Amino acid sequence: MSVTATMSEQVQRTAAFMRGWSLEATLPHSVEIEALKGTLVPDARIYLSAIPAEPVSRIIEAAAFVRHAGFEPIPHVAARNYPDRATLADVLGQMQRGAAVRRVMVIGGDRDRPAGPFVDALSVIESGLLQDNGVREIGIGGYPEGHPRISTDQLERAFAAKMAAARRAGLQVHAVTQFSFDAEAVLAWLRKLRASGFDGPVRIGIAGPASIKTLLRYAQRCGVRATARSMMRSAGLALQALGQATPDEIVGELAAAVASENLGEVKPHFYTFGGVAATARWAQAAAAGAAPQPSS
């Protein structure tokens, strides 16, 4: 087999893996979302991070911006941010009425102490409020590299409990992982997850184009093991124009594994540390089978 043929197969595998990719944005403004119309396909999934310091009205507005632009908003519902059932019900209702939200990402949230009765994602799932307000599918978090404050056993038990509660509630479930620079760690976690019986869709968290400095900062904040040297060597990040690193190699490794193993539905999910537009351009180029171009 020629080198050209091998490279062509790699591009095709990567393109197949990339189709249906999603991205995560931190409360984007309408101008940012409108700018994506020339890049993203209709109904592309945009997850919306919940920030404790921001009023909840911002995530409601962002969901409406995303829906009106022709994309699929998937807001984070951070359990510990809500002071009572009525407030959560009102927020979910506004998301349904203003943005036809059908999917949400249910997380515990970053508060050390809950603002009300919801102490974790499980308590929100079991509340009945999601399905009462039009939600039909939820995302739950996965941690291929573990969690800085929670043991692996606890993470696995919590994942199983959330999955079981969602199924009892008639909710579909998909998993979304923390971002990682280690393809082998991700694949080991994914194989174990499949062996445990979870056959739902999985979205693998990957850092989009960003500077090494930015990636290190977010890695430290999120408890992801990384150093500048390891990112450039083990993660295979390609240093592009303007000092941005792009995730060429980790995407390629994951694409190859998904193509060759029975891993179920697996798609990439990009965290937009270097900006929503830059990530969208890079990812869409890869999904189209084009060699990813430096982003700016």
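Since every read-out is calculated from the coordinates, none of them should be taken as a lab result. As the structure is a prediction and not an experimental result, all values here were calculated from the model. Counting neighbours? That spans all protein chains shown, and the Cβs are built from the backbone with ideal geometry, glycine included.
Do you know the relative contact order of the range 3-287, to the nearest whole percent, from alpha carbon pairs under 8 angstrom that are 6+ apart?
Values: 521 pairs, mean separation 60.9, N = 285.
Here the relative contact order equals 21 percent.
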* At 222 nm, what helix-only mean residue ellipticity would the chain give, in deg cm²/dmol to the nearest 500, using -39500 (n - 2.57) for each DSSP H run of four or more? -> -13000 deg cm²/dmol
* In degrees between 0 and 90, to the nearest 10, how far off the longest principal axis of the chain does helix 248-260 point, with axes built from Cα atoms? -> 80 degrees
* Ser57-Asp84 pseudo-label distance in nm [points 7 Å out on the Cα-to-Cβ vector] -> 2.0 nm
* Asked: Does anyone have the angle between helix 276-287 and the longest principal axis of the chain? Alpha-carbon axes, 0 to 90°, nearest 10?
  -> 60 degrees
* Structure fact -> Check: C-alpha center the range 145-175 vs C-alpha center the range 52-116, spacing in Å is 20 Å
* Please report, in debye to the nearest 20, how large the charge dipole of the chain is about its Cα centre when each Lys and Arg carries +1 at its beta carbon and each Asp and Glu carries -1 there. => 180 debye
* With N denoting the number of residues in the chain, provide Rg(C-alpha) divided by 2.2 N^0.38 Å, to two decimal places. => 0.97
* To do: Please quote Rg/Rh for the range 1-133 to two decimal places, taking the Kirkwood radius as Rh and restricting both calculations to Cα atoms.
  => 1.12
* Structure fact -> Within the under-12-Å Cβ sphere about Thr272, not counting Thr272, Lys/Arg +1 and Asp/Glu -1 give a net charge of -1
* With Cα atoms, 0 to 90° folded angle of helix 212-222 axis to the chain main axis -> 40 degrees
* Percentage of Cα-Cα pair distances in the range 139-183 greater than 13 Å, rounded to whole percent? -> 57 percent
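Please grab the % of Cα pairs in the range 101-181 that end up more than 17 Å from each other.
Details: 1506 of 3240 pairs.
Cα-Cα pairs in the range 101-181 separated by more than 17 Å: 46 percent.
Could you tally up the Lys pairs in the range 3-287 with alpha carbons closer than 28 Å? Skip any pair fewer than 8 positions apart unless they're on separate chains. Walk me through the numbers on the way to the answer.
On the way: Lys37/Lys267; Lys162/Lys192; Lys162/Lys267; Lys192/Lys267; Lys213/Lys267.
Count of close lysine pairs: 5.
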